[in-house]
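Everything on this sheet refers to the single structure shown next.
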Amino acid sequence: MGVLHTELLETISRGVISMAVDPLVVKARLDIILERVTRIKHIETMTQEQYLKDELLQGAIERNLQIIAQAIIDICTHLVAHNHWGSPKSYSDAVKIIANHKIIDSLLADRLIDFVKLRNILIHLYIAVDPTIVYQSAIAIIIDAKLFADAILKFI
């Protein structure tokens, strides 16, 4: 990291330069979340057995969950950075930090942290993906995404 970059970061951390939360950036990510939730919402009408029989649908749901999770991560890291709330060591930490600042409640934070971990598994293929967990996560995120969006909009 260059000297100028380091000096800029130090100046920002002292509060001399304000890095306000950009509501347009946040709202753009919220739009992505809500659009992708709309795409997967029909899964609520399916049984788990129907879902497990449709491999094409499983792939589509997994991809939409990745995108939803990434948008949640982007919002959390944006809020943490622009409010000078520390340096999260992981994406899960970013979610914890916004919960610590009462942007979202701790129960929602716990569920979103599990969701972020699922995203990591889906993207990096650390272990085989259990489609029943993906199905359950898709059902849960339909509600949790709305709770998250409402809390974020209230904050910004």
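Listing for the model above:
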| item | result |
| --- | --- |
| Karplus (6.51, -1.76, 1.60) ³J(HN,Hα), θ = phi - 60°, over the stretch 69-80, in Hz, Gly and Pro reported as x | 4, 5, 5, 4, 4, 4, 5, 4, 5, 4, 4, 4 |
| Residue 143-residue 31 pseudo-label distance in nm [points 7 Å out on the Cα-to-Cβ vector] | 2.9 |
| Cα radius of gyration and Dmax for the stretch 27-156 (Å) | 14.6, 47 |
| Neighbour-count ranking [beta-carbon atoms within 10 angstrom, fewest first] of 115, 155, 148 | 155, 115, 148 |
| Count of lysine pairs in the chain with Cα separation under 15 Å (8 or more residues apart, or interchain) | 7 |
| Potential lengthening between residue 107 and residue 127 on full extension [0.36 nm per residue; Cα-Cα distance subtracted] | 4.6 nm |
| For 35, 44, order by how many other beta-carbon atoms lie within 10 Å, fewest first | 44, 35 |
| Summed side-chain charge close to residue 143 - residues other than residue 143 whose Cβ falls under 12 Å, Lys, Arg +1, Asp, Glu -1 | 0 |
| Residues 27, 102 arranged by fewest to most Cβ contacts within 10 Å | 102, 27 |
| Mean ellipticity per residue at 222 nm, deg cm²/dmol - from DSSP H runs of n ≥ 4 across the chain, formula -39500 (n - 2.57) | -25000 deg cm²/dmol |
| Descending Cα extents along the principal axes, the stretch 95-156, whole Å | 37, 21, 17 |
| The stretch 122-129 - phi-based ³J(HN,Hα) in whole Hz, Karplus 6.51/-1.76/1.60, Gly and Pro as x | 4, 6, 9, 6, 4, 9, 4, 7 |
| Environment charge of residue 97, counting only residues whose C-beta is closer than 15 Å and scoring Lys/Arg +1, Asp/Glu -1 | -1 |
| FRET efficiency estimate (nearest 0.05) - Cβ-Cβ, residue 156 to residue 89, R0 22 angstrom | 0.35 |
| Given charges at beta-carbon only (K, R positive; D, E negative), |dipole| of the chain in Debye | 220 |
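The numbers here are math on the coordinates, done by the rules we state, and not lab data. None of the values given here were measured: they were computed from a predicted structure. We place every Cβ from the backbone using ideal geometry, glycine too, and count neighbours over all the protein chains shown.
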